[in-house]
Amino acid sequence: MTPGGGSGPMKDCEYSQISTHSSSSPMESPHKKKKSVPKRKWEVFPGRNKFFCNGRIMMARQTGVFYLTLVLILVTSGLFFAFDCPYLSEKITPAIPAIGGILFFFVMGTLLRTSFSDPGVLPRATPDEAADLERQIDIANGSSSGGYRPPPRTKEVIINGQTVKLKYCFTCKIFRPPRASHCSLCDNCVERFDHHCPWVGNCVGKRNYRFFYMFILSLSFLTVFIFAFVITHVILRSQQTGFLNALKDSPARYPFTEIYSVVCFFSVWSIVGLSGFHTYLISSNQTTNEDIKGSWSNKRGKENYNPYSYGNIFTNCCAALCGPLSPSLIDRRGFIQPDTPQLAGPSNGITMYGATQSQSNMCDQDQCIQSTKFVLQAAATPLLQSEPSITSEELPLPGKTSISGPCASLTLGQPTPPSSMPNLTSDSGLTDIIPLKEEHEGHQFLTPEEAPSPPGMLPSGSPIAHSHTMHVLSLASQDSLHEDSVRGLVKLSSV
Amino acid sequence: LCPQVHSLQELRRSASLATKVFVQRDYSDGTTCQFQTKFPPELESRIERQLFEETVKTLNGFYAEAEKIGGSSYLEGCLACATAYFIFLCMETHYEKVLKKISKYIHDQNEKIYAPRGLLLTDPLERGMRVIEISIYEDRCSSGSSSSGSSSSSSGGGGAG
C-alpha cells in the first residue's frame, strides 16, 4: 500500500473487507500480513478520510476545492508580488512587500495546519465498550429486549445547570460528548464540531478551530491589503498618465491586474464577513452548528442559556484561541497491536454478555454496510446501464447514483459563501434518497438526523424531518433486515 | 499467600479475561475531561472503594491540570500563534506533557495496586478519552483460590477504609 494516498479515492482495506464477507474482521488481513509488514492504524481507519505522508497528514476525501483555494491564494499573491510590489516599494515604501510577505506566510501556514490536522475525531467504540453501552441502554429502557421499536437513544446530563441531551451515534457506537457531532461527509464523530469546510478540505472541530479562525482572519487582512494596494497602484499611475491610460497600460504590462483585483473584491466581502461571523461565535463560545440550530438563546433570564460560555467575551476568546491544544485521539501512526485486535470479538476469550457475539456481528455488518456503499458508488454507472435485473431484487437504481451526487456537489464550488456550509448539503442529498433506500441505509441515515438541520437554510426542511422521524422509529425493524440486505449486496458486489 | 498474579506481565500471560468495566465520563462540568467517581458494582469484591476513588480523583486532577486555562496556557497559545503554529513541530504542548505523567501514573497504579488484585486499568487516551476501561481477570490456574485471596485482602483493607 503506497503511503502517498493519492492512488484513488478508496483504500485497499475496503476491498479486503468485501472479500472476507464470511468472518470479516478487518484485522484479518493485517494478521495475515503481520509477518511481512505491520500495518499502521491509519491504514485501517474506518472513517472516510485520506491520509498522506504515512499518516501524518489527514484530510477529507473530497479535496478538489482545497486545491482551488490554494491556487487562488497563490496566484493572487504571486501576481501582487510580481507586478504591484516593485512599483509600490519604489514609490511608497519597501515595507509593503515585507508586510505582504509576512501575511502570506501566515495565511499559508494556518491554512495547511487547518487542512492537514485532525479536527478532533473521536475513535469508534471498541466492541466491548459498545456491548457495555448496549447493555446499559437496555437496562435503562427496561421493557422488552430489543423488540421492533426501541426508543431513541439519548442520555441527559446537566451542565452548569442546563440540561443537555447526548445522542447515541449509531455509526460510531458511542454517546456523543456534548458539542460533538457526526460529520456525514467524513463519517466521523468530531469533538466540538463546527462545520465541514470544503475550502480547506477538512472538518473544523475542536483541534483545528483556532487554526481555521486565524486562517480566515489573516486571509481577510491579506485580501484587504492586496486590494487596497492594487487600487493605490492604479490611482498613482493614473495621476501620472490619466486613469484610462493607467488601465490600458496595466493589461499590457501587467496582464492579470484586473482579473485578480476582481477576485480580491469578491473575496474581501465573503472572507471579511466570515471572519466577522466567527469572531461573534468565538466571543459567545458557540459553534456554527449550535448557532444555526439556535441551541442557545442570548437572554440570560430564559431557560436556554449557553452552558459553555465563560460569561465574558475576553475569556471566551482566550479559551478558544489560546487554550490548551488537546492531542489527537486516533493515533494515526501507531502500529496495530496483533495481540489486542480492535474488532475481534470472541477470539480473545471474552464471554461476558450474550450480546457480545451479536455486537461483533453488528460491527461486521457495519463494515460490510460501509464497504458495500463504497462499492455501490463505484459501480453505480456501469450497473445502471447493464444490470437492471439484479437491482430489482435489492435496491432501486436512482438511489445509487445519488450517493455520489451529494459528495460531488460540494466539490463543484457552490456559489454559497465559503465555509458556511455545514454538512447540510450532503445531508439534503442523502435525505433525498431516504424514501428509496429503506433497508440498510436506515442505519446510516440516523446520522443526518443528528447532524444540523436548521429550519431556515433547507427549504424542504419539514418533509425531510418527517421522513427522518419515520426512519428513527423504524430503525430497529431494519436491524433485522440488515443481515439479509448486506448478504444480498455482498453477492451483488461479487458479480 | 496463594499464587496470585504478581506483575502485569504475569497477569497477561496466566490470567484469562473475565469481564470489563467501563467508567464513563462525567459531563456535569462541561466538556472538560472528568470521569465519574461512582464505584462500579462489579468491583465490589475485587478492590477497596477508597483506592478506586482515589485513582479516579487523581486522574481527574491530572486532566484538569492539562486543560487548565491560565497564564501558562495563554503564553503557549500566543507564542504558537505568533509563529504561525510552526512551533508545535518542535515543541511538546503542555497537554502532551501531562498525558505522559498520566500514563506513568496509570502504569504505577497497575503495578502496585490493580494487578495484584487481578485488575488492569487502560489509559483513557487509548479509548478516545471516553472511558476508563478496567479489565477484570480470573486467574486461570487457581480461580477458586484467587477469589478467596482477594476476599482476605479486602477484609484486611476494609479496616483502613
Model label zone, residue B:92; criterion: amide N under 15 Å from point 7 Å along Cα-to-beta-carbon; scope the stretch B:34-75: B:66
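Nearest 20 debye, what's the magnitude of the dipole of the stretch B:65-130 about its Cα centre given +1 on Lys and Arg Cβ and -1 on Asp and Glu Cβ?
Values: 9 positive and 9 negative charges, 46 e Å.
Charge dipole, the stretch B:65-130, about its Cα centre: 220 debye, nearest 20.
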Where labels lie 7 Å past Cα in the beta-carbon direction, separation of residue B:53 and residue B:126 in nm: 2.8
Label point distance in nm, residue A:310-residue A:67, each placed 7 Å from Cα along Cα→Cβ: 4.2
Other-chain or far-sequence residues with amide H under 5 Å of residue B:18's (modelled H): B:136, B:137, B:138
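May I ask you to derive the FRET efficiency for residue A:140 and residue A:56 from their Cβ-Cβ distance with R0 = 45 Å, giving the value to the nearest 0.05? Can you show the working numbers first?
Numbers: r = 41 Å, r/R0 = 0.92.
About 0.65, to the nearest 0.05.
What total accessible area, in Å², is buried where chains A and B meet, using a 1.4 Å probe and rounding to the nearest 100?
Counting protein atoms only, the buried area is about 3100 Å².
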Inter-label distance, nm, simple model (7 Å from Cα along the C-beta direction), residue B:104/residue B:78: 3.0
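Using r as the Cβ-Cβ distance of residue A:81 and residue B:65, and R0 as 51 Å, what FRET efficiency do you calculate, to the nearest 0.05?
Working: r = 46 Å, r/R0 = 0.90.
Calculated value: 0.65.
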Angstrom value of the Kirkwood radius, inverse mean 1/r, which spans all Cα pairs in the stretch B:9-139: 16.3
Computed FRET value (nearest 0.05) for residue B:19 with residue A:269, which takes r as the C-beta separation and R₀ as 41 Å: 0.10
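The values are calculated or read from the model by the stated rules, or taken from the named source; none is laboratory data. Since the structure is predicted, the reported quantities are computational estimates derived from the model, not experimental observations. Every residue, glycine as well, gets a Cβ built from its backbone with ideal geometry; the counts of neighbours run over all protein chains shown. Areas reflect the complete protein model, heavy atoms only, side chains present, ligands, DNA and RNA absent. Shrake-Rupley method; radii C 1.70, N 1.55, O 1.52, S 1.80 Å.
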